[in-house]
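Novice: I'd like to ask some things about the structure below.
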Amino acid sequence: MAAEQNELATKLYGKVSFSLAALVVLGAVLTYWLRRSQPGSQMLEAASRGPGHIQVKEGFEVELVYPVPREERGSWVALAVDPKGRLISSDQSGLLYRITPPPIGEDGPVEVEPIEVWLKDAEGERVGDPIGGAQGLLHAFGALYVVVNSSHVARGSGLYRLRDTNGDDQYDQVELLKRFQGTGEHGPHSVRFGPDGESLYIVAGNATAPPENADSRLPKNWATDTLFQPLPDPRGIGTGLEPPAGWIARTDPNGTTFEIISAGLRNAYDFDFNHEGDIFVYDSDAEGDIGLPWYRPIRVNHVTSGSELGWRTGSGKWPDYYQDTLPPFLELGEGSPTGVTFGYGAEFPARYQHALFLCDWAYGELDLAHLEPYGATYRARSSEPFLAGTPLPLTALSVNPNDGANYFVTGGRGAQSALYRITYTGDESTEPVDPPTIAEQNSDAAAAHELRRALEAFHGVEDGKAIEKAWPELNHRDRFIRYAARIAIEHQPAEQWARKALNESEPIALVEALIALARQGDDQFQPEIVERLNGVDYAALPQAHRLAWLRAYELVFIRLGEPDDETRREAIEALDPLFPADTASENRLLSQLLIFLDAPGIVSRILGRLEAAPTAEEQIQYARALIEAESGWDTGLYERYFEWLHTMSQVSGGKSFRGYIESLYDRGKALLTDKQAEKLAALLDREKIEPKMPEVEPRDFHKNWAVEEIVEAVTHPPLQAQDYSRGREMFAATRCFDCHRMGREGGTFGPDLTGISRRFSVEDLAEKLVDPNLNVSDQYANTVFELEDGRRISGRISEIFADRLLVVTNPYAPSDYTEIDRNEIVNQKRSDLSIMPPGLLNTLNEEELRDLFAFLLGDGDSDHPYFENQK
């Protein structure tokens, strides 16, 4: 058996070699493309060798336990451990398998048994195919729970339970506990054992309807809650999906009752609980949205009771600053999130025992997030790459408490599968270390978590004590506590607290209470709600609460309908003087509201802001509002709008980017009168320009900045009263926005620079800007493929299929792919050449340089803690 496995491993992987040394590759396309960077991220500088194509952190080893014969046993996508330490996996569209690996350090045989058990009819006859097609597996309560995601099983997708009823160590009984309406890649996924020891939790993608007759910790009057109907994705992705799409639910061991805990996920494949019983989920992005203001990178959320996480179809995805959603604590750029697990039970050094392991299928990476309590939630103290391979389509992982190893499988979409085992062989202690409690880490955070959980006890129930307990916390400084308090109140009959909301005197609590009333009250309250909002001192509110105030206006119009003329006039009087505001986020909400209210002259003002905005994303958000304006246009304004659209045809983005721009064109054209259309015919009929490499506005050379000169200029005197607006302009002028995000703006080819002051010093940044090739991370470098016909193709793997790869070779055209036949790959290796050109700072004078660094180090915020530390 061992010899057969070695022969198969050679067949599967022998044509692919991977060098740990960085190789210089020359070509027309420079081959370094940074994907992402987060607090504490490091390259795998000192890496241990894995099976041929895998790198792992120093001190760890990766062992190829079982190369799966694809023709016989398919492509594996799930993993669980049974009480005897055996592994259970599933082919994406076939059988379940039970795997007994050899003991660690021994070169013994691997026993792989198919699990063949059928549903039976009333006469005891087998029905359909054996149970399989699982994307969630869990051994609990003496049974194997299987989340089937398949239409091939006789009764389709659902939660099934397999049992061994006669003690012969073979499953012989299968029960369908709950049927799910949804299949495919956005169907039902993982199942987890609840921290109370008495429940199961299940996550499902956004194409899965909520369980029938389920209770909910979110109020059930869910809605899209966007001021304008979302533009549908031009490729049909997610079209027609309505809230509460993308949910996590709790059920009992028999699957009798279901309760929705959270909704608004896009397509989270897996999640896990930490030692405190809190849920952490790894959600996917919509890569077609790259370059659009509604793009949401892959993210890790702390999932709390009743949480709404904001995914909506098309252009309707909620920004994280909406007060009726909860934000992620970690974003990781592009990718395809799959398996998730904490390291509990692994015989690893303590920091890995407590880490959150995150699989990325598309990029072949296993990352770590090290968490710490932060108020009533958590934050990532740091994150780092742990393991990487090319290709390495990770699908699932699980710590085996019987041998202390972390196992993972690769596969999915018919890709070649294998089972691997990660063990620690370094010098550090691997003795079990209990994770520190929240109270041991931060007493203030412990009190905040306790308060949040006390408020969550009122979710989903009517309780006379809820209003009294929750109301004072609407004014709490912690967003998660305010959210928990509001949801507790919303579950109580509105007539019990509506007048209390309208009479609230504290501005922050007032906004929260009015959001609740807009969501749960009826239209009779609308004039009073608007009147109370109009009376809030906007200038006195912190920026985050300004956004909450604006969102409250949106919700009162979304939920309670069109205002009467007097209410409309008074709202315009309150909102119109505020546009334009200081931030793009405020302007996004203000532009939408003022278009909705038909404020006089607003079309011209928004169009002027669009033309001045430094990024395509900000420009598109204004255009999205403008197409809803049925009045206020003239021929000259239309001409400017279509001229802008013409320039947008030169901009590249994700696969849906072009289609959305066409939607903005079509919607704008539909507003024209026949006479206007005739006058603008030459402009409207102008041939579209194909996307091309963006051209930089020429700037004069100033000087060839050296590292020490940059450090001196930026730190003496310390950055204080800089021009942050000009810093943002310099970020655009030096092409930083092309590849990097700052806040919610910019490209995704390079790392997200938000919060960079927590990761790099001024000197670190100066070194990276002066010489981008100085330290190129293996994690983010492109791959160079050498093919049988002698060609070399350099790029970033975007899609992995059983027989081919799709590779992006031009980062300025991420929707253009080169297809590579996997059977033609002779060799593949990493590059150490950066696509980031040197000398980007050489057109800046000293003040512009200081403004740019102020924007970088302070996230564009003059009140950022970085500047407080410079005083």
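Readers should treat all values here as calculations from the given coordinates under stated rules, not as data from a laboratory. Just so it is clear, the model here is predicted, and its values are computed rather than measured. FYI the Cβ positions are ideal-geometry reconstructions off the backbone, even for glycines, and counts take in every protein chain you see.
Novice: Go through segment 426-485 and name the GluC sites (Glu not before Pro) that are in a DSSP coil and have 14 or fewer other Cβ atoms within 10 Å of their Cβ. Intermediate values should be presented prior to the final figure.
Specialist: On the way: sites: Glu428, Glu440, Glu450, Glu456, Glu462, Glu468, Glu473; in loops: Glu428, Glu462.
Filter output for segment 426-485: Glu428, Glu462.
Novice: Which one, Ile422, Ile438, Ala396, projects farthest toward the positive side of the charge dipole computed for segment 304-445 from Cβ point charges (K/R +1, D/E -1)?
Specialist: It is Ala396.
Novice: To the nearest 20 debye, what is the magnitude of the charge dipole of segment 96-237 about its Cα centre, counting +1 on the Cβ of each Lys and Arg and -1 on the Cβ of each Asp and Glu?
Specialist: Numbers: 12 positive and 21 negative charges, 153 e Å.
With Lys and Arg at +1 and Asp and Glu at -1, about 740 debye.
Novice: Students often forget the sequence filter, so: which aspartates and glutamates lie under 20 Å Cα-Cα from Lys679 once same-chain residues fewer than 8 apart are removed?
Specialist: Glu630, Asp634, Glu639, Glu643, Asp666, Glu687
Novice: Here's a follow-up. Tell me which of Ala581, Gly277, Thr251 sits at the most positive position along the dipole axis of the chain, charges placed on C-beta atoms (Lys, Arg +1; Asp, Glu -1).
Specialist: The residue sitting most towards the positive pole is Ala581.
Novice: Another question, if that's okay. Using the Cα centre as the reference, give the magnitude of the dipole from point charges on the C-beta atoms of the chain (Lys, Arg: +1; Asp, Glu: -1; all else neutral), rounded to the nearest 20 debye. Mind dumping the intermediate values first?
Specialist: Working: 83 positive and 137 negative charges, 158 e Å.
Dipole size: approximately 760 debye.
Novice: Using +1 at the C-beta of Lys and Arg and -1 at the C-beta of Asp and Glu, which of Ser150, Asn213, Tyr201 has the Cα lying farthest in the positive direction of the dipole of segment 98-220?
Specialist: The Cα lying farthest towards the positive end belongs to Asn213.
Novice: List the residues, sorted by chain then number, that are 5 or more residues from Gln173 or on another chain and whose placed amide H is less than 5 Å from its amide H.
Specialist: Arg163, Thr165
Novice: Separate question: Give me the aspartates and glutamates in straight-line cross-link reach of Lys703: C-alpha distance below 12 Å, same-chain residues under 8 apart excluded.
Specialist: Within the straight-line limit of under 12 Å, Lys703 reaches these aspartates and glutamates: Glu846.
Novice: Okay, moving on. Near the amide H of Thr183, under 5 Å away, which other amide H atoms are found, from residues 5 or more places off or on another chain, if H is placed in the peptide plane?
Specialist: Amide H to amide H, under 5 Å and 5 or more residues apart or across chains, Thr183 pairs with nothing.
Novice: Ok, one more. With each run of n ≥ 4 DSSP H residues scored as -39500 (n - 2.57), what mean residue ellipticity at 222 nm is computed for the chain after dividing by its residue count and rounding to the nearest 500 deg cm²/dmol?
Specialist: On the way: 25 runs with 235 residues, N = 871.
Rounded to the nearest 500, it is -7500 deg cm²/dmol.
Novice: Listed here are the pairs Lys84/Lys178; Lys465/Lys500; Lys84/Lys120; Lys57/Lys84; Lys768/Lys829; Lys655/Lys768; which of them are more than 21 Å apart at the Cα?
Specialist: Working: Lys84/Lys178 27 Å; Lys465/Lys500 15 Å; Lys84/Lys120 28 Å; Lys57/Lys84 29 Å; Lys768/Lys829 23 Å; Lys655/Lys768 31 Å.
In this structure, Lys84/Lys178; Lys84/Lys120; Lys57/Lys84; Lys768/Lys829; Lys655/Lys768 lie more than 21 Å apart at Cα.
Novice: If you place +1 on the Cβ of every Lys and Arg, -1 on the Cβ of every Asp and Glu, and leave all else neutral, what size is the dipole of segment 115-156 about its Cα centre, to the nearest 20 Debye?
Specialist: Numbers: 3 positive and 5 negative charges, 32 e Å.
That gives segment 115-156 a dipole magnitude of about 160 debye.
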